[in-house]
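Here is the structure we will look at, set down as structure tokens.
What follows draws every value from the coordinates through simple rules; no lab data is involved. Because the structure is a prediction, the values reported are computed rather than measured. Using ideal geometry, Cβ is built from the backbone for each residue, glycine included, and neighbour counts are taken over all protein chains shown.
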Amino acid sequence: MEGEPPRAGRRTRELCARGTRLYDVARALRDDHTRALDTVRSALEPLRAELVAQELESIPVARLKDVTEGRLRLGAVEAAGLTSVRAVHEASRYELRQLPGVGQQTADRALAAARQIARAVAETVSVRIDVDHPEPRTTALVIALQRLVEAGPELRRALDAATRLDERLGALLPVARPASSRLLMALAGRRRRDGALAAVAELHELVADPAAKDVRLLIAQASTDLLRPPVSDIEAWVDFELRSAEYYSQLAEVDGHQPDLAASEGFLPAELAERVHAQPLDDTHRRVSLRGYQSFGARFALAQRRVVLGDEMGLGKTVQAIAALAHLAAEGHSHFLVVCPASVLINWTREIGARSTLRALPVHGPDRHEAYAEWGERGGVAITTFDTLHTLPTPADTSPKGRKPRGERPWGERPWGEKSKGEAPTGPTPGMLVVDEAHYVKNPDTRRTKSVALWTERCDRVLFLTGTPMENHVEEFRTLVRHLRPDLLPTVSNGTAAAGPHAFRKSVAPAYLRRNQEDVLTELPALVQVDEWVELGVADREAYDRAVGDGNFMAMRRAAYADTEKSAKLQRLRELVTEAADNGVKVVVFSYFRDVLAAVEQALEKGVFGPISGSVPAARRQQLVDDFTQAPGHAVLLSQIEAGGVGLNLQAASLVILCEPQVKPTVEHQAVARVHRMGQIRTVQVHRMLATDSVDDRLLTILKNKDRLFDAFARRSALADATPDAIDVSDATLARRIVEEEQRRLAAEAN
């Protein structure tokens, strides 16, 4: 019958042939991937060996005694000039035996001890790619990694599918083959015939699956990506600069050098960590690969259902939240809600669109009710602000005391806004509620806290995000726990926090996960760049429109700071600095404009050094940098970008904030290089403040197309380094072009 597996003969042969072709495609991808990995490992090995050798050079040869518990006599070895473990490790057995006073036993023991120390050192070293000092061996590594990066996140899905097919078809095809011939079936014993028919049935189910065609295309595309010829040196380095995080993620996977497991899992108890690992994480709706600790964070949110994710800034809390939402979407949930400060609403919208297939819908401003109604009807991820949340209809009460178990209420139960007599209008219950910058709801008496509390009560899954270390703010944490897991309140006390951060985290492990940069940075790049998009406020928008009308390019660039009380850029900047202060991180704020730096200084009030400007003498500039460097803990240094971007060493900072994009990319690059340079021991984060529907948008669009890429290529040559003005876009030409385009855009909107 149609749709049933054939029992023997031609149709079975065709089925086996199709299965064999699918099997060959799967095997080919695995082989192609293995070759790509081998190429990376071959390029990586000499770099790792050099790092290990440098470490062994610093270890005195006397340490070999520790490995052999003092049974090794090294006097003759040291007398011969072998004073470091490296010298012994690189010597052969024959060479050691030639030393006066060194016998066979001493030579063998010394070599064995040196190799043991070398293996231990090899587990701790991490290869860093220095983009400012490329050399042939590093270039070879970047080129090898580029092939894996270019294959994209789909490569992992293709490999997983290929592995499953390889294993399943490899077992099925030999068993099913007798069924392809009536003669073979006649000659086979009953057990083999039964096995062959069962294998044919399973093979038919596998090959006839409508998804099999898509899987084959996915695998074939991945193989094509892996078989592309290597790119040129310049292309590889430019690509590395544009997406270094993906290169380091691939490097960590190939290298197998992972951070301390307990630290990367937030020091959770073993039983809880096992439960989190057992939680599946579907990537069907995700467009980005996760690092190991990020995957664990997303699984933690799903497994524990109502939690605080408190990773230190820069570790990707947003990506982990999106991964959790994408998994729930794959399970059939259709409605999700993100609540955040207005300053990051645009960022959330862009991140969801870039990193998932989920539909992002801002619910904010005068059209918020229409947007909310559309979300109710069509689903997706609604993104709203703390101040807007209280104006939206809440979900029906699904708490245990209510009428239904917790879970996502089917939208079709009641049209949006419809209510029965005496009942308030209700909205859909989100499959997950995400609250970003959750420390905003630390005060239980505020309206925003009460609104969040109401929604939290009526959602089954809730994820709070905050970079503030909660062990330093116990009362704030008690407020958050009261929303999520009131049963844990007795375990949260100042005494628990006083026992240390690890003890605190273990005591509240069911609802709190935090990882620090130093715990997981072995698989992160040394530079993380983040675009912080905001919407101009009313006063800033009026100032911007006036500047456009006047054709004043410089006024357009700084209009976002016109209203210092309500500036969206300043608000987001304050949030970043506050979080940096909570984590003891030093910050450098760059702007082209003195008046913008003055507005930042007024907004921050304390702990601020500078500003450094062109009118400040060189000696005074250095004194400001020295004072900033020597300040204990957190501090902020303000600087005009062209004054502080050259000649100063700012590596005490690990957070850079650019108040506006620069016309010349080289200026921005040089400023960041003041912080991200040799001697920097932390990952450097660069946050660029950008306003939508403004000169920022237009400037980035132009520079990202041809000019910025050309700049990245040109910086590879000595001539370009010597004459940066020759490769930058003409200020006057670019300004005139942007002003004219903005004037046309605003005129069209007015009509």
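Checking every one of the GluC sites (Glu not before Pro) in segment 40-76 against DSSP loop status and a limit of 14 other Cβ atoms within 10 Å picks out Glu69. Ranked by the mean number of other Cβ atoms within 10 Å of their residues, highest first, the peptides 585-595, 266-276 come out as 585-595, 266-276. Each part gets one Cα centre, and for segment 569-622 versus segment 358-375 those centres are 35 Å apart. In this structure, Gln602 and Glu377 have a Cβ-Cβ separation that, at R0 = 41 Å, corresponds to a calculated FRET efficiency of about 0.35. When the listed pairs Lys506/Lys586; Lys450/Lys506; Lys317/Lys506 are checked against a 23 Å cut-off, the alpha-carbon distance exceeds it for Lys506/Lys586; Lys450/Lys506.
For the peptides 291-304, 629-642, the ranking by packing is 291-304, 629-642, with the highest mean count of neighbouring Cβ atoms within 10 Å listed first. Distances between placed amide hydrogens fall under 5 Å for Asp563 paired with Asp540, all partners being 5 or more residues away or on another chain. Applying 0.36 nm per residue to the separation of Gln622 and His133 and subtracting their alpha-carbon distance, the gain on full extension is 173.5 nm.
Charge tally for Leu268 (other residues, Cβ to Cβ under 12 Å; Lys, Arg +1; Asp, Glu -1): +3.
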